[in-house]
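Have a look at the structure below, then the notes.
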Amino acid sequence: MVCAKTLLHCLAGLDTLDSGQVRIGATDLGGLSDAALTRLRRERIGFIFQSFNLLPTMTAEDNILLGLHLAGLRPDRAWFDEIVAVLGLGSRLRHRPGELSGGQQQRVACARALVGKPEVVFADEPTGSLDSRAGAEVLDFLRASVRDYGQTVVMVTHDPVAASYADEGVLLADGRAAAHLKQSACDGGFATLVAREATA
């Protein structure tokens with residue numbers, strides 16, 4: 001039995017499994033050293049945290065580029081500029097998180113997850129801290145990242161509106177898969193799995 005959040009963290013290599021196996025492509029995460037797992041997370045995985053996890057003393061731009069800088073990589077400036085433009089962050093790059101709205105902070109978190117061109121982006125309740133308008137903006141961007149950039153997004157949510165953006169979903173109840181949901185008339189939604197915990 002596993003809760004949706006724990007499942008997401010295990011899939012992203014943030015937590016370790018007690019049993020079973022997680023693969024990103026042909027790579028078994030369970031067989032990696034700590035250093036190799038850190039490299040895999042930096043180079044192949046993007047993660048959007050519910051609480052943003054932005055560093056308060058750094059600007060939005062520095063927060064977006066932090067993972068690349070830690071990995072010793074130079075950003076693709078054309079890709080960076082495209083993400084910033086799509087997310088409407090161009091005028092906010094010099095602002096620190098405390099000077100941004102919740103929706104802007106979450107868009108910075110989305111940009112940080114995508115700037116390294118990861119194979120898969122994991123999103124932990126990406127709209128959980130946002131009002132409905134800001135939440136819709138983030139979900140629209142994630143859907144566009146699938147449709148326009150070929151990105152894979154795996155999201156955990158309790159929000160049925162957020163779940164409706166997905167092509168496929170798994171409903172978890174009491175830590176187990178209770179149903180596999182497939183949207184037959186999806187208009188360019190996530191090419192992904194959405195884990196949504198059932199609530200009583």
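Worth pointing out:
- Residues that are open to solvent by 70 Å² or more (accessible area, probe 1.4 Å) and polar (S, T, N, Q), drawn from region 21-40: GLN21
- Consider region 87-99 and keep the residues that are of a type in the set (D, E, K, R) and not in a loop (DSSP other than H, G, I, E, B). The one that is farthest from the chain's Cα centre (by Cα) is GLU99.
- Test: residue in region 96-107 that is of a type in the set (A, V, I, L, M, F, W, C), open to solvent by 70 Å² or more (accessible area, probe 1.4 Å) and within 25 Å of ALA162 (Cα to Cα): no
- Residue list for region 111-124, restricted to those being out of contact with any helix residue (DSSP H, G or I) (no Cβ under 6 Å at 6 or more places or on another chain) and open to solvent by less than 10 Å² (accessible area, probe 1.4 Å): ALA113, ALA123
- Yes/no for SER184 being farther than 22 Å from GLN105 by Cα, polar (S, T, N, Q) and either modelled with pLDDT under 85 or in a strand (DSSP E or B) (or both): yes
- Any hit, region 126-133, residues being β-branched (Val, Ile, Thr), touching a Gly at 6+ places or on another chain (Cβ under 9 Å) and without any contact (Cβ under 8 Å) to a residue 60 or more places away in the chain: yes
- Residues of region 125-158 that turn out to be assigned to a loop (DSSP other than H, G, I, E, B) and among the charged types (D, E, K, R), as a count: 2
- Candidates PHE52, PHE47: the one that is in contact with a strand residue (DSSP E or B) (Cβ under 6 Å, 6 or more places away or on another chain) and open to solvent by 20 Å² or more (accessible area, probe 1.4 Å) is PHE47.
- So ALA71, is it within 18 Å of GLN151 (Cβ to Cβ), hydrophobic (A, V, I, L, M, F, W, C) and surrounded by fewer than 18 Cβ atoms within 10 Å (Cβ to Cβ): no
The values are calculated or read from the model by the stated rules, or taken from the named source; none is laboratory data. Note that the structure is a prediction, hence the values are computed from the model and not measured. Neighbour counts are summed over all protein chains in view; Cβ atoms, including those assigned to glycine, are modelled from backbone coordinates with ideal geometry. Remember, those area values only see protein heavy atoms, side chains included, never the ligands or the DNA or RNA. Shrake-Rupley method; radii C 1.70, N 1.55, O 1.52, S 1.80 Å.
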